[in-house]
1. Which entries in the list C:231/C:262; A:100/A:324; C:140/C:350; C:157/C:228 go over 27 Å, if you measure between the two C-alpha atoms of each?
2. Along Cα→Cβ, 7 Å out, is where each label goes; now give me the distance between the ones at residue A:132 and residue B:181 in nm to one decimal.
3. In which sequence would C:396, B:98 go, from the one with the fewest C-beta neighbours within 10 Å to the one with the most?
4. Restricting to the protein assembly as shown, compute how many DSSP beta bridges are antiparallel as a %, nearest 5.
5. Leaving out same-chain residues fewer than 8 places away, which aspartates and glutamates sit with a Cα under 12 Å from that of residue C:158?
6. Would you list which lysines come within 16 Å of residue B:35, measuring only between C-alpha atoms, while excluding same-chain residues fewer than 8 positions from it?
7. What shape does the stretch A:251-325 take by its C-alpha gyration tensor, where a ≥ b ≥ c are the square roots of the eigenvalues and a/c under 1.5 counts as rounded, a/b above b/c as prolate, and the rest as oblate?
8. Within a 10 angstrom radius of the beta carbon, how do B:56, A:178 rank from fewest other beta carbons to most?
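What follows draws every value from the coordinates through simple rules; no lab data is involved. Just so it is clear, the structure is predicted and the values come from calculations on it, not from any experiment. Glycine gets a Cβ as well: all are built from the backbone with ideal geometry, and neighbour counts include every protein chain shown.
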Amino acid sequence: MSVQTERTDTAPAPVVRKTDPAPPGPAAGGPAGRRRGVPAPYLLLLPALLATVVLLGWPLVKNGLLSFQNLNPRQLILHLTEWNGVDNYTEVLGSSDFWKVVQRSVVFTAVNVALIMVLGTLVGLLLARLGKGMRLLLMLGLVLAWAMPVIAATTVYQWLFAQRFGVVNWILDALGWHAMADYNWFGSQLSTFSVITLLIVWQSVPFVAINLYAATTTIPKELYEAASLDGAGAWTGFTSVTFPFLRPFLWATTFLEVIWVFKAFPQIFAINAGGPDRLTETLPIYAFVEGPGNQHYGMGSAISFLTILILLGLTAYYLRTVLKQEEDEL
Amino acid sequence: MKRSLIGRLWPNATAAVLFVVFAFPVYWMFATALKPTGDIVTEDPVFFPTDVTFGHFAKAVDADHFWTLVGNSLTVTILAVLFALVIALLASFALARMRFRGRRGFLLTFMIAQMAPWEVMVIAIYMIVRDAEMLDSLVPLTVFYMIMVLPFTILTLRGYVAAVPKELEESAMVDGCTRGQAFVRVIFPLLAPGLMATSLFGFITAWNEFPLVLILNKGVEKQTLPLWLSSFQTTFGDDWGATMAAASLFALPILVLFVFLQRKAVSGLTTGAVKG
Amino acid sequence: MKRRLIAAIGVAGMVLTVAACGGDDGEGTGAGADGFKGQTLTVWAMDGSTPPNWTKDLTAAFEKKTGAKLKFETQKWEGIQQKITTALSESNPPDVIEVGNTQTPAYAATGGLADLSDLRKGVGKDWAENLNESAVYEGKQYAAPWYFANRVVIYNKKVWADAGIKETPKTRDEFFDALETIGKKTDAEPLYLPGQNWYFFDGLTIGQGADLVKKEGDKYVSNLGDPKVAKAMEIYKKYQSFSKAPKDKDEATPQQAEVFAKGNVGAFIGMGWEAGTAIAANKDIEKNIGYFTIPGETAGKPEGVFLGGSNFAVAAGSEKQELAKEFLNLALSDKFEGALAKENGVIPNKESLNSNLDGNEVAEAAAPAAAQGGTTPLIPEWAAVENTPNPIKTYMTAVLNGKSPAAAAKQVEAEINKRLAQQN
């Protein structure tokens, strides 16, 4: 299961440290590496670094260069390079559409991540309370949702929410909400976003829930015993033991979810291509539509570059905290 | 502390409801795929198909080059995940166990690499691959899928490596193993669940990838299943039976893989951590 | 580059030496030779353009004549512009490409298409001028006109009979009356018309004599605010009110012919060959399918239609220029151009071949309107407007959802102007 996210700070790792009488101190690895006089860590990191530089760094630089060019079908076909300075950026930054999209992306990310984290935590805690059979059943449901490939999932959601013969409209109608009988979910901004949010939350909650459950199983019982001696209730048990213990995990997961939700592309694009009227375009969709979609490639590159900057801005606080922690580790 | 009846009942009831909520879309996909069209396009949904047909699956598999696409998808996905695991294992070992100058820089690099918005960089990648004369090939797909999952894989594996007690490694080295031998004999087996768990993310990412293969490989012999699924959807529009059959076929390998690996991975994680 | 040059010289040599014993099938320059043996010519044709018999016969004739292989690759309209653009930039592009007439000027302007002016001396000497218009850019021939078609009404005779309607309508009002009768007397959907069948709408604007763009200084800008466009949109809205089809989708999602094939739709507005799609989906529908011209304001003058068409272009980057021309000479020869017209019911590129359409129900329904046909503006700037999401479709949905045409035009104006200004 994959939540071993930013690991030094996820739950199981602290367990190792806390229950371990021996001071974690300087790793055996460090001195050993130095002793042999070989820059072992660098050798081990070399393939990863090389891959990152070549396969990610190069496209990023290329993308950056393109963002300063006028690149349309003619230039692309004839392999022409036409620099146009910061024109693309001036145009994007000066367009009210762009800022609306930025705002929408931030709100969209915030709502989704909040829902995912709250629901994921609740479901994870529920898993911890269940008996074995029920827990396996719920796990199975969660794993099915989690494992569903996004493209298959978007197709299924379109079918669930189809205007004619869609089962969701049928259920709502059967429950007495007759106005929904032939409701077009993809006709307005809010309803389209509702479907997209439901899809993303449905797919992301299992990741949080299952990993959180796994983390709670590593909480030493003595901590609860100590707490219950003080006569603490379930809620106090949660706030005084569970939550502090899980905090690093929740923190790291939030960071990952922010990235994933902000970058969400196929979910939004396949559901309604950013429609209706481009009202559900978030930044990645906007960049795609304006760039490759509209064959205005330089512009697309400029928007995607800004997208990266905004994402960095959103996650900067977390990155800083982690780097600070790293100083104290090992 | 004995809980009241309600206290015992509500978690189970909630779990049952949640199970239905999470599993229903998947169930509905398979159910629709197996129902005859008359039971799909109907005012009152048939929740439990009694009349099962495989006609929709036949229609879905009937696409040109279907099996070529299956082969391509499998090749690209498996290779990308394998390469990512090997490279990530080396890197995560260094990051989790060693102290060296620039360590934080590496960490930061991988964390930022995780944020790359690949979908909007396709044109830059396209131009690079085009100019390298590598279009219509599975090689660029494999390496780019590899890098898409590499940062996450490194950072996650790093957690698993850190969770393996150092004493085990040290005692192995006291017994005369070199560091490499200690790694292979002691740490690697303990990491197996971690590797499986981490690979899930890679599988699902590579299996799903769509915008890049769309622009890089125009020849149908070099395309992958997501393109088939999406073209299927545009062609058959409201033929939900066939579309759901296609989606089912597409999802099935990943669902099976998850259900299978997931249990091992969970138990591996928890036991590993508790032992520590 | 060097390789291409050598290939070209080699090919030219072959043509010279072997021309004397050239074959006699097909028209045109007819340089039959084995000089192309081992080569494969790749042709991108759009979904629906290449009927099976025509494709089979043409492939056989081509392979016999040139010794080279011919490979058709069928393309989908969705995302085709991006695909063609990138393909033209590659070192190994498809050799021959079918390009829609509305998009041809844009590609001609990119420099990605080969100059085919010398075809005018042979196979192209009597191409109909009005059909060739989109293929000419700045005086040069950048594509070869292939076939043309305009939309007709495809109707379900059974549904109409059930409603007690005996004659097909001759005017727009009669058509509306008929649709109303169907709605009252049967439980069928009178017309299947989604909100974004934009080429039908384009026809209505042509019928109103409206232009979608106008020139301001040396720039083209949106003209959707024109009351004539609004009038066309009102007509569309009236038609759409007879349909339960989604207002925010086009005729391809889902394929309208597939909806029609289920037998519970009175009529739809589409290309003749879409009837084939319907029959493929449901064999039983075949006997019930009928066609008629989209009626206009008065009985004498049918509705304006968008004269859709396709040209064949040769990629400038193709290394098989000569072979590509061989293909064009054969595919556009009277034999195959005529056969295509016959098999697909499409308008051929020269008038002398129109007799192939005699007795073809679709063509007979389409022909009266073709004279009133028009296209989208034939300017390179236009193609960008049709990129997804097409702002004109946004305009249509907005009006159908209750916005006034003027307000809807205002809403999309900036986007259209931006796109008209962005290319080059």
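1. Long pairs (Cα-Cα over 27 Å): C:231/C:262; A:100/A:324; C:157/C:228.
2. The modelled label-to-label distance comes out at 4.1 nm.
3. On the way: C:396 28, B:98 22.
Fewest-to-most ranking of C:396, B:98: B:98, C:396.
4. Details: 30 of 44 bridges.
Restricted to the protein assembly as shown, the bridges split so that about 70 percent are antiparallel.
5. Straight-line reach from residue C:158, under 12 Å: C:284, C:286.
6. Once the sequence-local lysines are set aside, what remains near residue B:35 is B:59.
7. On the way: a/c = 3.68, a/b = 1.79, b/c = 2.06.
Since a/c reaches 1.5 but b/c is at least a/b, the shape of the stretch A:251-325 is classed as oblate.
8. Numbers: B:56 26, A:178 10.
Exposure proxy ranking, most exposed first: A:178, B:56.
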